[in-house]
1. Which of the residues belonging to region 193-236 are in a strand (DSSP E or B) and touching a residue at least 60 places away in the same chain (Cβ under 8 Å)?
2. When the residues of region 242-255 are narrowed to those that are in a loop (DSSP other than H, G, I, E, B) and in contact (Cβ under 8 Å) with a residue 24 or more places away in the chain, which ends up farthest from L201 (Cα to Cα)?
3. In region 177-201, which residues are more than 22 Å from L69 (Cβ to Cβ) and of a type in the set (V, I, T)?
4. Quick one: would you say S239 is part of a loop (DSSP other than H, G, I, E, B) and either farther than 21 Å from G24 by Cβ or basic (K, R) (or both)?
5. Just to check your reading of the model, which residue among R50, R66, R108 is in contact with a strand residue (DSSP E or B) (Cβ under 9 Å, 6 or more places away or on another chain) and over 22 Å from R211 (Cβ atoms)?
6. Just for helices (runs of 4 or more DSSP H) wholly inside region 29-141: which have at least 1 residues that are at pLDDT below 95?
7. Check R266, R249, R262 and return the single one that is surrounded by 14 or more Cβ atoms within 10 Å (Cβ to Cβ), of a type in the set (K, R) and either modelled with pLDDT under 85 or farther than 27 Å from D192 by Cβ (or both).
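The values are calculated or read from the model by the stated rules, or taken from the named source; none is laboratory data. Just so it is clear, the structure is predicted and the values come from calculations on it, not from any experiment. Counting neighbours? That spans all protein chains shown, and the Cβs are built from the backbone with ideal geometry, glycine included.
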Amino acid sequence: MLSADLQHLIVTKERKEMLRTANGLEGFTIHATDGPIGHVKDFYFDDEARVVRYLVVDAGSWLSNRKVLISPIAIGQVNWAESTLSVSISKEQVKNSPNIDTDKPVSRQYEMEYFGYYGYYPYYWGDSDLWGTSAYQATLLMGLGHARAGVEPHTVDAERARLARDVDQHRNDDPHLRSGNAVMKYHIEATDGDIGHVQGLLLDEETWAIRYLIVDTSNWWLGHQVLVSPQWIQGMNWSARTVSINLTREGVRGAPRYNPARTLDRQEEIRLHDHHRRSGYWARKVELENPEFHVIGSVRRETAYKSLDGVMPGK
């Protein structure tokens, strides 16, 4: 078990990020540096890292109703009250960006063309990084920001060469990108039967990670919604449109109910994970000597410590 001090630290640590419904992003207006681009119609998420990689935006009449992709790298301020998103690219950049057929899977080749056009580095290739941890560093390395103080030019050149080798190594990988709209209504199967269907997704507004599937249990347990963490998913059958989870129906029935009218707080999350006897995603920042918790490779060790208590080990 965790020590009382560590339990208190995890429970009482101020939470800066909020969880938002992915469905709520639909219709958001995207504002470029020089005017509106269009409205969010869908998003693509990485089905391995379970994180949003692109927003699909309908540019409207100014661009012949063309669909364009916007990476979270470009996203600045999100105004949830006014349903607007500000991005750090211009309308001209969007106009000249690589065309995408949103009715077809996004290929790694397209991603290479897209990232090359905007000057981004797809640092998550071969890894499962979330946004909000190393995205800023990656964009600086590719020349989107000002040179970092104290970094010699030859160091930057060497790093760019390494990044170029990484890109070449992963050019034929499966990007594992799926449409967020497409997974709605997927059936959720517990270890002993069906429990309902996907009603929505809860996103971490800082990292764009999918933290929970919102499951409507009406076909089995009338009038209820429950949350399922992606960590509890055993598999997804895309052709059968099903998601298998390693929970029982009885376990789901006894779990805290989800109330969409309220903002989910950390206390409620802890109660949910305690009920299922599972560690929370926030607990991956804790050392392995705490047996209820485990470290997940998508969070770098130094980042994990910083986000837990603001202090690096040994500092």
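1. If we filter region 193-236 for residues that are in a strand (DSSP E or B), which is where we start, we get 193-204, 209-216, 225-228, 233-236.
G200, L201, L202, L203, D204, A209, I210, R211, Y212, I214, M236, listed by residue number.
2. Of everything passing the filter in region 242-255, T248 is farthest from L201 (Cα to Cα).
3. I188, T191, I195, V198
4. Numbers: part of a loop (DSSP other than H, G, I, E, B): yes; either farther than 21 Å from G24 by Cβ or basic (K, R) (or both): yes.
The answer is yes for S239.
5. Numbers: R50 fails: over 22 Å from R211 (Cβ atoms); R108 fails: in contact with a strand residue (DSSP E or B) (Cβ under 9 Å, 6 or more places away or on another chain).
Going through R50, R66, R108 in turn, just one is in contact with a strand residue (DSSP E or B) (Cβ under 9 Å, 6 or more places away or on another chain) and over 22 Å from R211 (Cβ atoms): R66.
6. On the way: elements: 91-95, 108-118, 135-141.
Here the list reads 108-118, 135-141.
7. When all the criteria are applied, what remains is R266.
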